[in-house]
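The values are calculated or read from the model by the stated rules, or taken from the named source; none is laboratory data. Just so it is clear, the model here is predicted, and its values are computed rather than measured. Don't worry about glycine lacking a Cβ; one is built from the backbone with ideal geometry, like all the others, and counts go over all protein chains shown. These accessible areas exclude ligands, DNA and RNA; they are computed on the full protein's heavy atoms, side chains included. Shrake-Rupley method; radii C 1.70, N 1.55, O 1.52, S 1.80 Å.
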Amino acid sequence: IAAIRYVYLHTADAEAFRLRVLVLGTGKRAASLINLRARTDQQGFTIAGFVDGGDSHQIDSNRVLKANGPLVQIAAEHQVDEIVVATDDRRKGLPVRELLDCRLAGIPVTGDLSFYERQSGKVRLDLLYPSWLIFSDGFNLGTGQRVVKRLFDVFAASVLVVLSWPVTLIAALAILIEDGAPVLYRQERSGFEGKIFKVLKFRSMCVDAEENGAQWAEENDTRITKVGRVLRKYRIDELPQLFNVLKGEMSFVGPRPERPEFVRELSQTIPYYRERQCAKPGITGWAQLCYRYGASEDDAAEKLQYDLFYVKNSSVLFDMMILLQTAEVVLIGEGAR
């Protein structure tokens with residue numbers, strides 16, 4: 001196996017395994033696909049070219065293919081594996097007959113939003129429209145999967161509570177010695193369907209950290225104590241949230257619960273922000289793995305794109321993958337938080 005792998009890595013052409021994509025459109029939406037990077041090498045792609053879809057021209061003319069025949073013929077000439085529809089204004093009409101011929105010829109036809117979602121692992125807000133959410137695949141977490149997810153949460157939280165009590169005791173003593181009581185920090189958060197609950201965490205900031213009201217947490221926040229930095233680095237401060245999981249207020253995996261005042265503020269400025277609350281909040285999540293520490297409205301909007309992807313594609317298998325990657329981040333000490 002080692003010998004075969006060595007030969008393969010030194011002889012195989014990586015481009016041969018990339019999807020060859022033909023983009024219908026030359027405007028803003030089509031141009032946004034040029035710099036799109038796949039989230040894994042296995043899902044890499046190459047843009048074979050662009051075809052004029054009757055919209056504005058923001059693509060280098062050298063990359064626009066000449067339409068010397070029907071779309072299915074162009075796709076065959078350039079050995080296209082998939083066609084992505086990325087026209088700016090579809091009300092002007094799409095070449096429906098030609099797209100249908102491509103589909104019947106076995107060439108997948110995908111909308112730009114679905115393609116972007118699949119390749120990047122997030123739902124792009126600036127291109128999003130309600131009908132896409134309504135008619136696209138996803139949101140399939142049915143009763144059976146919810147029951148399995150809840151049983152796993154209860155079982156795993158119970159086991160971790162028992163196994164982590166030495167760490168919990170040491171963390172509590174360290175907080176008391178450095179900064180005194182209280183050891184636990186209780187804070188109101190907005191949970192599933194907007195229900196307010198109190199999240200539990202080991203206190204990692206000084207007692208008067210929010211005497212001036214709610215503030216965004218920063219990456220190198222001066223309010224964090226020395227013990228708190230260690231607790232945050234290894235996510236030990238999150239251990240008390242196991243009791244939130246047992247109570248059913250949280251899950252192991254889901255969008256991070258946000259403070260109600262921030263939810264009200266962000267819902268007025270960021271479209272679809274409240275939609276992230278249709279899933280139970282989690283101790284870890286897809287956004288935490290994929291995006292750096294966020295402390296602004298722009299960061300909240302970026303992380304929302306990953307949260308919407310998780311809500312839309314939520315499944316028990318996806319949760320398992322997120323938990324494995326979270327364990328890797330915690331053990332190595334690098335990555336998102």
(Q) Let me confirm something: among V96, V51, V72, V80, which residue is of a type outside the set (F, W, Y), surrounded by fewer than 18 Cβ atoms within 10 Å (Cβ to Cβ) and over 25 Å from the mean Cα position of the chain (by Cα)? (A) V96
Q. Of all residues in region 241-289, which are in a helix (DSSP H, G or I), under 21 Å from L231 (Cα atoms) and open to solvent by 20 Å² or more (accessible area, probe 1.4 Å)?
A. F243, L289
Q) Quick one: W132 ticks every box in (1) at pLDDT 90 or above; (2) within 22 Å of the chain's Cα centre (by Cα) bar one, so which box is it? A) (1)
Q: Given the conditions (1) within 28 Å of Q305 (Cβ to Cβ); (2) surrounded by fewer than 20 Cβ atoms within 10 Å (Cβ to Cβ); (3) aliphatic (A, V, I, L, M), report the number of the one that A105 does not fulfil.
A: (1)
**Q.** Candidates S251, S204, filtered to the one that is under 20 Å from S190 (Cα atoms), among the hydroxyl-bearing types (S, T, Y) and at pLDDT 85 or above
**A.** S251
Q. When you go through (1) free of Cβ contacts under 8 Å to residues at least 24 places away in the same chain; (2) open to solvent by 60 Å² or more (accessible area, probe 1.4 Å); (3) of a type in the set (V, I, T) one by one for I196, which number turns out not to apply?
A. (1)
Q: Would you kindly identify the helices (runs of 4 or more DSSP H) lying entirely within region 1-110 that contain at least 1 residues that are within 30 Å of L289 (Cα to Cα) and modelled with pLDDT of 90 or more?
A: 28-31
Q. Of (1) among the aliphatic types (A, V, I, L, M); (2) assigned to a helix (DSSP H, G or I); (3) open to solvent by 30 Å² or more (accessible area, probe 1.4 Å), A295 satisfies all except one. Which?
A. (2)
